[in-house]
Amino acid sequence: MRYNAYGILQVASSREAQMIDVTADVSAFVRNSGISDGICHLFVPHTTAAVTINENADPDVVADMLMGLENIVRPGLPYRHAEGNSPAHIKSSLIGVSGSIFVNDGGLVLGTWQGIYFCEFDGPRRRSLSVKIVRTEHERA
Ligand code: ZN
């Protein structure tokens with residue numbers, strides 16, 4: 001029986017700022033791991049992207065989130081970073097690059113309206129999402 005499983009999911013963004021629903025990809029990784037009980041850790045190894053969990057029923061929610069972030073992290077400020085993508089770096093740290101979800105009976109334990117989103121803030125690019133599942137069930141005596 002496996003104690004953990006590690007993989008890297010490839011994510012391709014098509015716009016500068018985008019929230020990509022990766023729930024099905026992460027769920028498939030969990031199912032294929034064969035681990036029934038544990039914790040699924042997600043990590044984004046990028047400085048201008050992030051991962052979050054939010055509503056995946058109404059697509060207007062992610063559109064509003066992107067608009068709200070754009071209003072919080074204003075473009076056009078006298079940023080010093082020569083690459084010109086400081087707003088993307090700030091959004092990455094605001095949202096965060098990691099998350100954890102319980103795995104129960106071989107599936108992700110998410111709320112009814114929750115989905116996992118890879119957040120692109122400096123696209124379009126080819127990105128990675130690291131997934132590690134750590135088994136937590138106890139050995140049977
Ligand atoms: Zn930069």
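With the contact rule set at Cα under 8 Å and sequence spacing of 6 or more, what percent relative contact order holds for the chain?
Over the chain, the number comes to 53 percent.
Please give the Cα centre distance for region 18-48 versus region 107-121, rounded to the nearest Å.
Region 18-48 and region 107-121 have Cα centres separated by 9 Å.
Give me Rg over Rh for region 1-82, both radii from the alpha carbons and Rh done the Kirkwood way, two decimal places.
Computed over Cα atoms, the ratio is 1.05.
Taking a probe of 1.4 Å, how large is the accessible area per residue of the chain, in Å²?
Per residue, the chain has an accessible area of 59 Å².
Per the 1.4 Å probe, what fraction of the accessible area of the chain, in percent, lies on carbon and sulfur atoms?
Carbon with sulfur: 52 percent of the solvent-accessible area.
To the nearest 20 debye, what charge dipole does the chain have about its Cα centre, counting +1 at the Cβ of each Lys and Arg and -1 at the Cβ of each Asp and Glu?
Dipole size: approximately 520 debye.
If amide hydrogens are placed 1.01 Å from N in the peptide plane, which non-local residues have theirs closer than 5 Å to the one on Ala17?
Residues meeting the criterion, in which the H sits 1.01 Å from N, are Gly123.
Residue by residue, what Karplus-based ³J(HN,Hα) values in Hz, rounded to whole numbers, does region 98-104 have, using 6.51, -1.76 and 1.60 with θ = phi - 60° and x for Gly and Pro?
8, x, 9, 9, 5, 10, 10
At R0 = 35 Å, how high is the FRET efficiency between Ile8 and Leu77 if r is their beta carbon distance? Nearest 0.05 is fine.
Computed FRET efficiency for Ile8 and Leu77: 0.55.
Roughly how tilted is helix 86-95, in degrees to the nearest 10 and between 0 and 90, from the longest Cα axis of the chain?
The angle comes out near 30 degrees.
What angle, in degrees between 0 and 90 and rounded to the nearest 10, separates the Cα long axis of helix 23-33 from the longest principal axis of the Cα atoms of the chain?
30 degrees
For the chain, find the longest principal axis of its Cα atoms and tell me its angle to the long axis of helix 59-72, 0 to 90°, nearest 10.
Approximately 50 degrees, to the nearest ten.
The values are calculated or read from the model by the stated rules, or taken from the named source; none is laboratory data. Remember, predicted model here, so these are calculated numbers, not experimental data. Heads up, the Cβs are rebuilt from the backbone with ideal geometry, glycines too, and the neighbour counts pull from every protein chain shown. Accessible surface is based on the protein model in full, side chains and every heavy atom, while ligands, DNA and RNA are left aside. Shrake-Rupley method; radii C 1.70, N 1.55, O 1.52, S 1.80 Å.
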